[in-house]
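The structure appears right after this line, and notes come after that.
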Amino acid sequence: MENEEFKVIGGSYEKSINGDTKLDLKSLAKEAWELTKKGKSEVMQGVALMLFILMVFVWALQSIFGITDMTTVTPRTQVIMELVFVVITAPIVAAMLLIGISRSVGLKPEFVPLLKRAFGSFIIVLLALLLAVLTDVVGQVLSLAGLLLGVVATFYLGMATSFSMMLLIEKQLPPKETIVQSFKVFNRHWPSLSLFYIGSMVLFLLGMLSLGVAYIWLIPFYFNFKGVLYRDLFGINVSVNTYSPKQESVFNA
């Protein structure tokens with residue numbers, strides 16, 4: 001019989017909301033970049049799959065539904081299309097996030113096995129839909145009071161809930177609890193985390209100047225950076241098998 005023990009690597013939720021966790025973005029960025037230099041293919045497999053799905057999605061809209069001009073699509077249809085795309089891509093995004101989490105603790109995950117397991121988790125799709133609806137509804141409601149207010153609210157909600165999916169797949173918390181914990185930690189460390197997301201947006205915009213070539217490094221770097229941030233803010237439960245200590249990921253769902 002195999003003996004199994006667990007250890008937590010990194011910080012913890014309690015330390016983060018109590019202000020005991022200090023984020024050194026420069027140091028974490030260097031670590032994330034070193035992880036990126038060691039391997040990019042796992043995350044880029046997810047990117048390639050999402051691009052393929054996007055192309056199929058666009059083809060279906062044009063060839064099957066006859067939609068060639070998105071400006072003619074009703075708001076209701078746009079929302080439905082967005083939710084369908086979220087449902088299809090949620091497991092892919094979850095697998096890419098798991099790669100970042102796993103690499104942050106020294107594991108070497110493979111994309112396909114993680115994707116298969118993520119596709120088997122209904123709760124991942126449910127949380128992705130919940131986050132999409134929450135962000136969209138609040139953003140649209142506040143836009144009635146002012147366009148800028150709606151944009152700011154949407155951006156804030158996107159950042160504040162950004163760790164929810166990671167908490168679901170790594171800690172297996174209920175969807176509501178993942179959102180609550182993500183909000184609390186973001187609000188406690190909003191200066192550093194806002195700088196991370198704004199900096200990421202700037203890098204992705206600058207990446208366009210390279211005709212997309214820079215994304216081969218930028219996208220894996222982003223997921224690795226999120227992985228080390230998550231590790232330091234929430235801690236990662238790593239299962240260590242005393243007979244076979246080498247593991248491919250922290251995904252136990």
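Numbers for the structure displayed
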| read-out | value |
| --- | --- |
| Single unsatisfied condition, PHE251 versus (1) at pLDDT below 95; (2) in a helix (DSSP H, G or I) | (2) |
| The stretch 159-192 - residue that is in contact with a Ser or Thr (Cβ under 6 Å, 6 or more places away or on another chain) and either without any contact (Cβ under 8 Å) to a residue 40 or more places away in the chain or on the phi > 0 side of the Ramachandran plot (or both) and, of those, surrounded by the fewest Cβ atoms within 10 Å (Cβ to Cβ) | THR161 |
| Single residue of the stretch 7-52 satisfying the filter (outside any helix (DSSP H, G or I) and among the acidic types (Asp, Glu)) that is nearest to the chain's Cα centre (by Cα) | ASP24 |
| Pairs, first within 26 Å of ALA95 (Cα to Cα) in the stretch 47-70, second polar (S, T, N, Q) and part of a helix (DSSP H, G or I), C-beta under 7 Å, six or more apart | MET50/THR89; ILE53/THR89 |
| Selected residue (only one of ALA153, ALA118 is modelled with pLDDT under 95, part of a helix (DSSP H, G or I) and in contact with a Pro (Cβ under 9 Å, 6 or more places away or on another chain)) | ALA118 |
| Filtered residues of the stretch 77-115 (kept if aliphatic (A, V, I, L, M), part of a helix (DSSP H, G or I) and more than 24 Å from VAL133 (Cα to Cα)) | ILE99, ILE101, VAL112, LEU114 |
| Long-range neighbours under 8 Å by Cβ, at least six apart or interchain, first residue under 30 Å from GLU110 (Cα atoms) and of a type in the set (A, V, I, L, M, F, W, C) within the stretch 73-95, second at pLDDT 85 or above and not in a helix (DSSP H, G or I) | ALA94/SER121 |
| Residue that is surrounded by the most Cβ atoms within 10 Å (Cβ to Cβ), among those in the stretch 193-243 that are at positive phi and modelled with pLDDT under 95 | GLY212 |
| Lone unmet requirement of (1) part of a loop (DSSP other than H, G, I, E, B); (2) of a type in the set (A, V, I, L, M, F, W, C); (3) touching a Lys or Arg at 6+ places or on another chain (Cβ under 9 Å) for ILE67 | (3) |
| Selection within the stretch 119-143 - of a type in the set (Gly, Ala, Ser), surrounded by 14 or more Cβ atoms within 10 Å (Cβ to Cβ) and free of Cβ contacts under 8 Å to residues at least 60 places away in the same chain | ALA128, ALA132, GLY139, SER143 |
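The values are calculated or read from the model by the stated rules, or taken from the named source; none is laboratory data. What you see is a predicted model; the values in this text were computed from it and never measured. All Cβ positions, glycine included, derive from the backbone under ideal geometry; neighbour counts span all protein chains shown.
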